[in-house]
Structure formats: structure tokens, C-alpha cells
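The values are calculated or read from the model by the stated rules, or taken from the named source; none is laboratory data. None of the values given here were measured: they were computed from a predicted structure. Positions of Cβ are generated from backbone atoms using ideal geometry, with glycine treated the same way; all protein chains shown enter the neighbour counts.
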Amino acid sequence: MAASNIVFITSPLEAEHVDRMRNVAPAAIEIIHEADLHPPVRYQADHKGREGFRLTAEQERRWRAHLAHATILWDFPGGSPAEGGGLALAPKVNGCRPPAPGSVRWCSAWAWRSPTCW
């Protein structure tokens, strides 16, 4: 049976945290984390990464496919939909977990689409 909760991690996150998430309920939760889709980090717990990072065409294809497949996002995808970002490319998403306290404003703006933002 396929996992009903598909979490796409859309910002840099340390591997040990990804592993902990994957071990919670592997039959019920699929965690999508591909480190090469994120910019190099500047410091530990950096959820933005270095400025100027760009995806290759192949990475962009994977990024968009993961957004289209996910039901839960770990952080909000940055950028405009034309640049491979934004919630418009994530039609199945019904929940989001912003990792930074400043992300609460995004939850408020997103509430029209989904009440689940924790």
C-alpha cells in the first residue's frame, strides 16, 4: 500500500532530521528529500541557503514533479510558479510545516487553501 501522506522537504534540512522523520511511520509517510535540490547552507539550521542558487533543467523537472506529488510540504516553496516555486505547483497539498518562526505569516496567507499549518 502506498503512503497516504507524502511530505516534500522544500528547504535545506540536515540528514539526521530527515532520517528521524522517515523512521516515524514508514508505511504511512513517504518523505521526499533530495539534497541536491536545495542550495548549499551557510550555517547549521539554515533554511534558505546561499543566494544565487539555481536548479538545472533536470533538477527543475524533479522539483516540479515532487511538488505535484506531495500532500504535505516541509516549508513553503520559494519563487514564483514560473520559476518552479510557489504553491500553485502543489495542487494536492493539504498541510504545511514551516520550520522558521517568521513563516507564520505564510500560514495566515495560505489559510484560504488549507486549515492545516502546524
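See the values below:
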{"item": "Filter pass, HIS69 being within 23 Å of ALA88 (Cβ to Cβ) and not β-branched (Val, Ile, Thr)", "result": "yes"}
{"item": "Residue pairs meeting the criteria (Cβ under 9 Å; at least 6 apart or on separate chains; first free of Cβ contacts under 8 Å to residues at least 60 places away in the same chain and farther than 15 Å from ALA15 by Cα, in the range 27-54; second surrounded by 15 or more Cβ atoms within 10 Å (Cβ to Cβ) and among the basic types (Lys, Arg))", "result": "ARG42/LYS48"}
{"item": "Residue selected from the range 1-55 under the condition surrounded by 13 or more Cβ atoms within 10 Å (Cβ to Cβ) and farther than 20 Å from PHE76 by Cβ, by the criterion farthest from the chain's Cα centre (by Cα)", "result": "ALA3"}
{"item": "Residue list for the range 8-43, filter: in contact with a helix residue (DSSP H, G or I) (Cβ under 7 Å, 6 or more places away or on another chain) and closer than 18 Å to THR71 by Cα", "result": "PHE8, ILE9, ILE31, ILE32, HIS33, GLU34"}
{"item": "Residue list for the range 67-84, restricted to those being at pLDDT below 85 and over 10 Å from the mean Cα position of the chain (by Cα)", "result": "GLY79, SER80, PRO81, ALA82, GLU83, GLY84"}
